[in-house]
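The values are calculated or read from the model by the stated rules, or taken from the named source; none is laboratory data. On a predicted model such as this, the values are computed, not experimentally measured, just so you know. No Cβ is skipped: glycine too gets one built from the backbone with ideal geometry, and neighbour counts run over all protein chains shown.
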Amino acid sequence: MKIVDNNPYHYNHLKMAKTFGECSFLGTFCLPSNDNLPITWYVAWNPDRSKGHKDFFGLGIDFVSPFIVGRDYEEFELLMIIPAIKCQLCQEVIYSSYRHDMRYCSCGSSYVDGGNIAYQRVGGQGKLGKLNLLLRTFKAY
Ligand SMILES: [Zn+2]
């Protein structure tokens, strides 16, 4: 199984670690309040609580304005488990990051679209399930 990561803003994860301190790329998805505003999330391994830093931070661009948001584990735990599809042919796990984000697996027989909300798929080769971005696990429905 290979999880295909979405990085629509093409952020350089090493540069992020230099800028924001020890962190790891988590994935890219929308908050429920806006299903067409992808946010690229990172796990902050040593958040500076004295500065109000959270366990996770997300970066995005709203029209032309870059923004950063933070979330603590408790409020984020369920959000980082997102719908995904595992292709039964190439074993790739793919997910859609926002409403108009269509993604194909590398063999082309499965696709996802529609962000976190509604998925469609073709070819009958994809198994729908839940992807836990933190634990990197996929569980079919
Ligand atoms: Zn495939």
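General remarks:
- Among the residues of the stretch 45-70, just one is among the basic types (Lys, Arg) and closer than 20 Å to His13 by Cβ, namely Lys54.
- Ile85, sole failed condition from (1) within 16 Å of the ligand (Cβ to nearest atom); (2) closer than 21 Å to His10 by Cβ; (3) of a type in the set (A, V, I, L, M, F, W, C): (2)
- Residue check, Asp35 assigned to a loop (DSSP other than H, G, I, E, B), outside the structural domain of Lys127 (by TED's automatic domain parsing), more than 16 Å from the ligand (Cβ to nearest atom) and surrounded by 12 or more Cβ atoms within 10 Å (Cβ to Cβ): yes
- Checking Tyr95, Tyr111, Tyr42 one by one, the residue that is within 16 Å of the ligand (Cβ to nearest atom) and under 17 Å from His10 (Cα atoms) is Tyr95 and no other.
- Candidates Tyr95, Tyr104: the one that is in contact (Cβ under 8 Å) with a residue 40 or more places away in the chain, crowded, with 16+ Cβ neighbours inside 10 Å and among the aromatic types (Phe, Trp, Tyr) is Tyr95.
- Taken together, the residues in the stretch 116-141 that are at pLDDT 90 or above and among the aliphatic types (A, V, I, L, M) amount to 6.
- Residue within the stretch 53-63 that is in contact with a Phe, Trp or Tyr (Cβ under 7 Å, 6 or more places away or on another chain), on the phi < 0 side of the Ramachandran plot and within 15 Å of the ligand (Cβ to nearest atom) present: no
- Whenever a residue of the stretch 45-71 is surrounded by 10 or more Cβ atoms within 10 Å (Cβ to Cβ), its partners that are assigned to a loop (DSSP other than H, G, I, E, B) and aliphatic (A, V, I, L, M), lying with C-beta atoms within less than 8 angstrom and at least six residues away or across chains, give the pairs Phe56/Met80; Gly60/Leu37; Asp62/Leu37; Val69/Leu31; Arg71/Leu79.
- Taken over the stretch 1-19, the criterion of being without any contact (Cβ under 8 Å) to a residue 40 or more places away in the chain, at negative phi and outside any helix (DSSP H, G or I) is satisfied by Asp5, Asn7, Asn12.
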